[in-house]
Amino acid sequence: MYTMSPYSGKLLSDEEAIKKYNGEKLWGLLVSIDLGECDHSKIASKEHIAQFAIDLAKHINMKRYGEPQVVFFGDEPKVQGYSLVQLIETSMISGHFAEDTDRAFIDIFSCREFGPEDSANFTQEYFGAKKMQYSVSFRDI
């Protein structure tokens with residue numbers, strides 16, 4: 001089960017988001033995914049996180065640019081964990097995995113359409129999260 005983040009506007013279906021993106025000729029689409037109660041072994045695995053970036057890019061039909069960068073850091077337990085950066089030709093996938101609280105925060109930004117809800121569901125399943133909320137934003141100027 002997922003909920004809408006209280007920090008964003010109306011939750012759109014994939015069809016609504018893609019229609020808005022294309023219909024208004026917007027420049028970019030961003031989905032921010034917050035996961036809670038993740039499978040600790042998955043968010044604490046550099047290999048699993050790197051494979052997630054590869055599998056997500058394939059799932060949303062984006063071409064990766066280089067290999068995923070996954071780095072462990074953080075001086076305080078609250079923020080300690082892996083961070084991820086995966087460049088894609090249309091922008092990037094990024095994330096931070098907080099091991100102390102078994103939470104993850106992932107952003108997918110692209111100037112090419114993709115399904116935000118589908119991406120959020122894929123991400124929740126990949127990390128075995130019991131809780132998930134996401135928000136959709138559009139970029140333009």
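One table, with the values for the structure above:
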quantity	calculated
Highest-MSF residue in the chain out of GLU99, GLU37, GLU16 [GNM, Cα springs under 10 Å]	GLU16
Cleavage-rule hits, chymotrypsin sites (Phe, Trp or Tyr not before Pro), the stretch 1-99, DSSP coil, Cβ neighbours within 10 Å at most 16	TYR7, TRP27, TYR65
The stretch 30-139 - percent relative contact order, Cα under 8 Å, separation 6 or more	39 percent
In order through the stretch 35-44: 3J(HN,Hα) via Karplus (6.51 cos²θ - 1.76 cosθ + 1.60), integer Hz, x for Gly, Pro	10, x, 6, 6, 5, 4, 4, 7, 7, 9
Across LYS10/LYS46; LYS20/LYS63; LYS20/LYS131; LYS20/LYS58; LYS46/LYS131, pairs whose alpha-carbon gap is larger than 32 Å	LYS10/LYS46
The chain: most fluctuating residue of SER41, SER119, SER110 per GNM, C-alpha cutoff 10 Å	SER41
Rg and Dmax [Cα atoms of the stretch 30-139; Å; Rg one decimal, Dmax integer]	12.9, 37
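Quick note: the coordinates plus some simple rules give every number you see, no bench work behind them. This structure is a prediction, so every number in the text was calculated from the model and none was measured. When we count neighbours, we look across all protein chains shown, and the Cβ atoms used for this are built from the backbone with ideal geometry, even at glycine.
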